[in-house]
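Scroll down for the structure; my scribbles are underneath it.
The values are calculated or read from the model by the stated rules, or taken from the named source; none is laboratory data. These figures come from a predicted structure and were not determined experimentally. Ligands, DNA and RNA are stripped out before the accessible areas are found, and what is left, the full protein with its side chains, is counted by its heavy atoms. Shrake-Rupley method; radii C 1.70, N 1.55, O 1.52, S 1.80 Å.
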Amino acid sequence: MRVDVFTLFPELVDGFARGSLLGRARTESRIDLRVRDLRAEAHGAHRSVDDSPFGGGAGMVLMAEPLFDAVEAVQRTEGLPRPLFLLSPGGQRFDQAKAQELASFDEGFSLLCGRYEGVDQRVADHLVDGELSVGDVVLSGGEVAALVILEAVARLVPGVLGNAESAEDESFADGLLEYPQYTRPSTFRGWVVPDVLLSGDHGRVARWRRAKALARTQERRPDLIEARGGLSDEETKLLTELAEPD
Ligand code: SAH
């Protein structure tokens, strides 16, 4: 899978990628990450990429021309994996389902990071295929958002995670939050691990985990339960059983 990231700060993206899971995925050639400098095709002594907004207002806006030029130069020479997404607070909300969708694009995809006050609207209208947001917050640039997306997608690419199963059992995998996890020691400062996890009874452990995932999701994220169409009879029963003392 190839992923191209266009940014004014290639070293931010490259640096994180080197020091993370992405680094290994890259050396093992599972992900071909190509970080591009948005200034690469910018002209003039200062290779300027931004200008003040028409209509007035604070800050600077990334100009259409250098962004089109940077993307089109790659398209011409190496081909560009599409879809190309602009990172933007106004984009479609990135979530686990979107991560799964992106991970299924064998040819990969591309990301374009904005900065300053944002990007000339003609980039959104005529250069990219869509816009993605990582949440209802405003970051100073698209780089951290691009890394959120890269990391979430990378761990879904087969072979990137050590244990192939570990991505399947996690939060959001089936529309639920994950059950609580514990490791040694079984008693820490007087706080004990639930008995069932020490029982060695895999069936009981599985039922307990499922019930905990349901209970936690119902308590913290009722919207997720609603989105999956409520609880089945079997799930309601599991929850009632869990509420009873052992
Ligand atoms: N003035 C803009 C914010 C610009 S922030 C507004 O009010 O909408 C500068 C850049 O950071 C954006 O162009 C975008 O690329 C990136 N960015 C900021 N917040 C983001 C978010 N929640 N998701 C994805 N990208 C974001």
Report ³J(HN,Hα) in whole Hz for each residue of segment 57-67, in order, from the Karplus equation J = 6.51 cos²θ - 1.76 cosθ + 1.60 where θ = phi - 60°; Gly and Pro get x. x, 6, x, 10, 10, 5, 7, 5, 4, x, 6
Can you tell which of ALA45, ALA99, ALA17 shows the greatest fluctuation in a Gaussian network model of the chain with Cα springs below 10 Å? ALA45
Degrees, to the nearest 10: 143-154 long Cα axis against longest axis of the chain: 50 degrees
How large is ³J(HN,Hα) for each residue in segment 235-240, as worked out from phi by the Karplus curve 6.51 cos²θ - 1.76 cosθ + 1.60 (θ = phi - 60°), to whole Hz, x for Gly and Pro? 5, 4, 5, 4, 5, 5
Subtract the Cα-Cα distance of ASP129 and HIS46 from 0.36 nm times their separation in residues, and report this length gain in nm to one decimal. 26.9 nm
Let a ≥ b ≥ c be the square roots of the eigenvalues of the Cα gyration tensor of segment 56-161; is it rounded (a/c under 1.5), or, if not, prolate (a/b larger than b/c) or oblate? oblate
The answer for GLY114, listing residues at least 5 apart or on another chain whose modeled amide H is closer than 5 Å to its amide H, is LEU87, GLY142
Do the sum for the chain: with -39,500 (n - 2.57) for every DSSP H run of n ≥ 4, divided by all residues, what is the mean residue ellipticity at 222 nm, to the nearest 500 deg cm²/dmol? -11000 deg cm²/dmol
Hey, can you find the accessible area per residue of segment 2-154 for me, probe 1.4 Å, expressed in square angstrom? 50 Å²
Segment 107-162-segment 21-72 distance, computed between alpha-carbon centres (Å): 12 Å
Cut-off under 5 Å, modelled amide H: who pairs with VAL35 long-range: VAL5
Please list, ordered by chain and number, the residues whose modelled amide H lies under 5 Å from the amide H of GLY91; skip anything fewer than 5 residues away on the same chain. SER133
Residue by residue through segment 194-202, the couplings from Karplus 6.51 cos²θ - 1.76 cosθ + 1.60 with θ = phi - 60°, in Hz, x for Gly and Pro, are x, 3, 4, 6, 9, 6, x, 8, 4
